[in-house]
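Trainee: Dumping the structure here so I can ask a few things about it.
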Amino acid sequence: MELALDIRNLTKTYADGTAALRGVSLQVPKGDFYALLGPNGAGKTTLIGIVTGLVNKTGGSLRIDGVDFDAYPERARRRVGVVPQNLNVDFFGRAIDIVVNQGGYYGIPRSIALKRADELLKAVGLADKRTAQARQLSGGMQRRLMIARALIHEPDLLFLDEPTAGVDIEMRRGMWDYLKTLTARGVTILLTTHYLEEAEQLAKHVAIINKGAIVANGTMEDILARYDESQRERDGYRGSRLEEVFLQLTREPEKPS
Ligand SMILES: Nc1ncnc2c1ncn2[C@@H]1O[C@H](COP(=O)(O)OP(=O)(O)OP(=O)(O)O)[C@@H](O)[C@H]1O
Ligand SMILES: [Mg+2]
């Protein structure tokens, strides 16, 4: 099986001593749709930061499309696109320029980038906002602009860090459809989301991370099969099966009083 992403024993301790990743291993097959789920502070954005070159790892190794990240960082990174959790965008820049300029970082000739950018803006439903400034877009539109920007260099592996936070229901479904067309074309996607029904709709594989360690990993069916009926009504709410499994694996144990 060819792997788009092969992470082995990845660790990250930030300068202030926070151990954000405590030995994470993850193998993502080519063309897969992988959901990385976990509570706030679990280490999801840290993991994505390392793979996209924004955060330096403390230990472990990673390969992207078989390319060793330490040996060939530029080559490895070129295969990756990212939609960051925290929108990092020139809010006064125009939508089309934001996408085209990103192509510049990857050395894509401007004429080609312009053509691609127009196609991408159309694909994410922003054709009519082509010349609007980013600050003039709604929050959900800004997220979609980030998806277009992430795809300008035609990456093989796309990281989406909560891409649908604040996106309305209809737009979200439109984004789901679009993401499915990407995987159908062979793009590998790793997604984080707190909307578990979204993960359930899209993902073939799921990894659940808690406090810097993976606590469950498998196909969506494997994970759902861990559903334990007896725990269901523990606190009066009942969610989807995935929600219940997630909570069983990640919630704080009750402290004895
Ligand atoms: N630059 C930093 N310096 C120090 N600690 C950090 C830094 N960035 C993140 N952390 C810490 O690392 C841990 C993991 O954070 P991370 O952002 O990776 O979590 P996350 O899973 O993405 O959470 P969320 O669902 O809230 O986005 C947290 O304890 C966080 O406080
Ligand atoms: Mg995060």
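Trainee: If you check L10 against the conditions, is it surrounded by 15 or more Cβ atoms within 10 Å (Cβ to Cβ), within 14 Å of ligand 2 (Cβ to nearest atom) and either of a type outside the set (A, V, I, L, M, F, W, C) or within 14 Å of K211 (Cα to Cα) (or both)? Spell out how you get there, then give the answer.
Mentor: Values: surrounded by 15 or more Cβ atoms within 10 Å (Cβ to Cβ): yes; within 14 Å of ligand 2 (Cβ to nearest atom): no; either of a type outside the set (A, V, I, L, M, F, W, C) or within 14 Å of K211 (Cα to Cα) (or both): yes.
No, not satisfied.
Trainee: Could you please find all residues in segment 32-54 being modelled with pLDDT of 95 or more, part of a loop (DSSP other than H, G, I, E, B) and either among the hydroxyl-bearing types (S, T, Y) or more than 16 Å from ligand 2 (Cβ to nearest atom) (or both)?
Mentor: Listed by number, the list holds a single entry, D32.
Trainee: Of the conditions (1) within 16 Å of ligand 1 (Cβ to nearest atom); (2) among the basic types (K, R); (3) modelled with pLDDT under 95, R78 satisfies every one except a single condition; which number is it?
Mentor: (1)
Trainee: Considering each residue of segment 1-46, count those that are aliphatic (A, V, I, L, M) and near ligand 1 (Cβ under 7 Å from one of its atoms), and give that number.
Mentor: 3
Trainee: Let me ask you something else. Give me the pairs: first residue in segment 140-153 and of a type in the set (S, T, N, Q), second residue part of a loop (DSSP other than H, G, I, E, B), beta-carbon distance under 6 Å, and six or more apart or on different chains, which are they?
Mentor: From residues that are of a type in the set (S, T, N, Q), the pairs are Q142/L87.
Trainee: Next question. Out of segment 55-96, which residues are surrounded by fewer than 19 Cβ atoms within 10 Å (Cβ to Cβ), touching a residue at least 12 places away in the same chain (Cβ under 8 Å) and part of a strand (DSSP E or B)?
Mentor: Hits for segment 55-96 are G59, G60, S61, V67, R94.
Residues are listed down the side, and each one gets a yes or a no for (1) assigned by TED's automatic domain parsing to the domain that holds T46; (2) at pLDDT below 95; (3) buried (at least 19 other Cβ atoms within 10 Å of the Cβ); (4) in a strand (DSSP E or B):
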residue: S111; (1), (2), (3), (4): no, no, no, no
residue: L114; (1), (2), (3), (4): no, no, no, no
residue: E119; (1), (2), (3), (4): no, no, no, no
residue: G125; (1), (2), (3), (4): no, yes, no, no
residue: T131; (1), (2), (3), (4): no, no, no, no
residue: R135; (1), (2), (3), (4): no, no, no, no
residue: R144; (1), (2), (3), (4): no, yes, yes, no
residue: F159; (1), (2), (3), (4): yes, no, yes, yes
residue: T164; (1), (2), (3), (4): yes, yes, yes, no
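Trainee: Any idea which of E162, E154 is within 30 Å of V67 (Cβ to Cβ), within 15 Å of the chain's Cα centre (by Cα) and not hydroxyl-bearing (S, T, Y)?
Mentor: Sole residue among the options that is within 30 Å of V67 (Cβ to Cβ), within 15 Å of the chain's Cα centre (by Cα) and not hydroxyl-bearing (S, T, Y): E162.
Trainee: Kindly indicate whether M171 is more than 16 Å from ligand 1 (Cβ to nearest atom) and part of a helix (DSSP H, G or I). It would help to see each step written out before you state the result.
Mentor: Numbers: more than 16 Å from ligand 1 (Cβ to nearest atom): yes; part of a helix (DSSP H, G or I): yes.
In short, yes.
Trainee: List every residue pair whose Cβ atoms sit under 8 Å apart, with the two residues 6 or more apart in sequence or on different chains, where the first one lies in segment 159-170 and is without any contact (Cβ under 8 Å) to a residue 12 or more places away in the chain and the second, anywhere, is within 12 Å of ligand 1 (Cβ to nearest atom) and polar (S, T, N, Q).
Mentor: Close Cβ pairs (under 8 Å, with a partner that is within 12 Å of ligand 1 (Cβ to nearest atom) and polar (S, T, N, Q)) do not exist here.
Trainee: Could I ask something else about it? It is to be established whether one or more residues within segment 184-204 are in a strand (DSSP E or B), surrounded by fewer than 22 Cβ atoms within 10 Å (Cβ to Cβ) and touching a strand residue (DSSP E or B) at 6+ places or on another chain (Cβ under 8 Å).
Mentor: no
The values are calculated or read from the model by the stated rules, or taken from the named source; none is laboratory data. Everything numeric here is computed off the predicted structure, so don't read it as measured data. Here the Cβ is made from the backbone with ideal geometry for all residues, glycine too, and neighbour counts use every protein chain on show.
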